[in-house]
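Values quoted throughout were computed directly from the atomic coordinates according to the rules given, and no laboratory measurement underlies them. Since the model is a prediction, treat every value here as computed from it, not as a measurement. Positions of Cβ are generated from backbone atoms using ideal geometry, with glycine treated the same way; all protein chains shown enter the neighbour counts.
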Amino acid sequence: MNPTPVHSLKIIAAVLTKDLRLEWRNRETLASVCVFGILVVFLFNFAFEPGREESLRQLPGLLWVAFAFAGVLCFNRSFALERENACLEGMALAPVDPGLVYLGKMLANLIFLCIAECVIVFAASLWYNFSFVPSLKWFGLITFLCTLGYVAVGTTFGAVAANLHMREVMLPVLQFPVALPIFIAGIEASTGALKGDPPSSYMSWVKLAAGIAVIFVVLSYLMFEYVLEE
Amino acid sequence: MGKTLPTIHFLVTLVWMLLAFWMIFLYAPQELTMGEVQRIFYIHAPLGWVAGTAYTIVFISSVIYLWKRSPAADDLAHASGEVGFIFCSSLLFTGPLWAKPVWGIWWTWDARLTLTFVLWLLFVSYLMLRSYVSSPGRAATLAAVVGIIGFVDVPIDYMAIRWWRTQHPQPVIAGGEGSGLDPRMFLTFMVCVGAFHCLFSYLLARRLRLARARREVSALRRTLALRYPEE
């Protein structure tokens, strides 16, 4: 084992490409996550009557509820696959830093969830007659930062939940309270961005989201060793 | 250890709790605007302090467990999680009792209430996690991981929620200008904080004794099974 940066990057890339290749071959995760996210947006359509003013107030919350549930599906799936084929043991036994395995899995989940979010946002934009184009830069940045933080904890808790009975229920129970600040920051900041407020008015939320993302990635990187061990 | 120490612990807790309740109802002066209702504060706020202490113990013993792998640290984390859950639930129960007459509503999603609810959820998920893992060694490690991440998350939650909204009364102990209590109220409050911590430590000790007994029983079972494989 040679812990040079290049070697570490190779390990991360190996886990990431493995997940991407697997997804490319069966396309199960993305299909289910996207459809599920769209369904959430669709159901909200019946819960609230969307007018333009209304949708401005509701859209960020609605989107984050859809992202949150889509994420749960994504993280569950990410480790259910590993578990089915006893790959978790293989990963635990591999002579590499478990933190690197975590980063690989986390990046794969980040890519999947970001793609799903694009689909969900597109559907919401269409059905609520709301254009995201004017605020796309800030909305995109905020959503990406919050998604990074969410995926960071979600990947760890997905691995924890893979060890449990009732893992489908336990994953949201474990991660929603912890991910709460991400949801708050994401909703507050994107409300500001979608309204077209000056970025300075919601900058503190963007900084908070970035800080949370960093803390959760570092914390999970350090703790993953204990999650993997048998 | 024998029975002496637990008995003394029990008696101290009992006397201290009785003293606390005497002070709450007979010694502390009546509050000017809220009246008698305010007295629940002497029970409510210490419960919050104890819930915080309990979660801190969960965090510290989780760190020690991952570091030293000592079963005692795991027992302490589990016991503190269970007892803390009871205190946190009581905190959530006594809050609305006070809020209804004073604010006119049972509940509001203000910063501290939300944070308390999040803390309660963290306790719940921590305990649920423990009961859904079949192997005890695995449960201990995973619970430690969840306990640590949850604890680190509490201050971030606090910051996010405080920026979001706030309605809870500002801290009266060590708050800013113009805060402060009548000395008798302050004394009552501190006696209550001590009493509830004493109660907590007593329950924690009992729960730890139970955990130790469980370990002994399962060790004895294993020995017996080895010696008489037929049974």
Computed label-point distance, nm, for sites A:Lys10 and B:Val15 using a 7 Å Cα→Cβ extension
7.1 nm
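Give me the net charge of B:Pro71's neighbourhood, meaning all other residues with Cβ under 13 Å from the Cβ of B:Pro71; Lys, Arg count +1, Asp, Glu -1. Please report the intermediate quantities before stating the final value.
Numbers: positive: B:Lys68, B:Arg69, B:Arg212, B:Arg214, B:Arg215; negative: B:Asp74, B:Asp75, B:Glu216.
That works out to +2.
Averaging over every viewing direction, what projected area does the convex hull of the Cα atoms of the protein assembly as shown cover, in nm²? Please report the intermediate quantities before stating the final value.
Details: hull surface 115.3 nm².
Average of the hull's projected areas for the protein assembly as shown equals 28.8 nm².
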Label points 7 Å out from Cα along the Cβ direction at A:Ala47 and B:Glu31: separation in nm?
3.5 nm
If you line up the long axis of helix B:183-227 against the longest principal axis of chain B, both from Cα atoms, how many degrees apart are they, to the nearest 10?
10 degrees
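In percent, how large is the relative contact order of chain B, given Cα pairs closer than 8 Å and 6 or more residues apart?
Relative CO of chain B lands at 30 percent.
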How big is the Cα convex hull of the stretch A:1-95 in projection, averaged over all directions, in nm²?
8.7 nm²
Cα-based Lys pair tally, the protein assembly as shown, threshold under 28 Å, eight or more apart or on separate chains:
8
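Can you tell me the length gained on complete extension of the stretch B:Ile86 to B:Val102, counting 0.36 nm per residue apart and subtracting the Cα distance?
On the way: separation 16, 0.36 × 16 = 5.76 nm, distance 2.49 nm.
Using 0.36 nm per residue and subtracting the Cα-Cα distance, I get 3.3 nm.
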Mean Cβ-within-10 Å packing, highest first, puts peptides A:126-134, A:140-148 in the order A:140-148, A:126-134
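Can you tell me how much longer the chain between A:Lys207 and A:Glu225 gets when fully stretched, taken as 0.36 nm per residue apart minus their C-alpha distance, in nm with one decimal? Write out the running numbers ahead of the final one.
On the way: separation 18, 0.36 × 18 = 6.48 nm, distance 2.87 nm.
Working it through step by step, the gained length comes to 3.6 nm.
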Rounded to two decimals, what is the ratio between the C-alpha radius of gyration of the stretch B:1-128 and 2.2 N^0.38 Å?
1.27
Please report, in Å, the Rg and the Dmax of chain B, where both are computed over Cα atoms only.
20.7, 75
Quick check: Cα centre of the stretch A:107-171 to Cα centre of the stretch B:1-49, how many Å?
47 Å
Residues A:Leu22 and A:Ser125, FRET efficiency given R0 of 25 Å [Cβ-Cβ distance, rounded to 0.05]:
0.25
For peptide A:184-193, compute the average count of partner chain beta-carbon atoms within 10 Å of each residue's beta-carbon.
2
Across peptide B:142-151, how many C-beta atoms of other chains are within 10 Å of each residue C-beta, on average?
5
Describe numerically, in nm with one decimal, the distance between label points set 7 Å from Cα along Cα→Cβ at A:Val214 and at B:Lys68.
3.4 nm
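Please give the contour-minus-distance gain from B:Phe186 to B:Lys3: 0.36 nm per residue of separation, less the Cα-Cα distance, rounded to one decimal in nm.
Numbers: separation 183, 0.36 × 183 = 65.88 nm, distance 3.53 nm.
Full extension from B:Phe186 to B:Lys3 adds 62.3 nm.
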Between B:Phe41, B:Phe87, B:Phe200, where does the largest GNM mean-square fluctuation fall for chain B, given springs only between Cα atoms within less than 10 Å?
B:Phe41
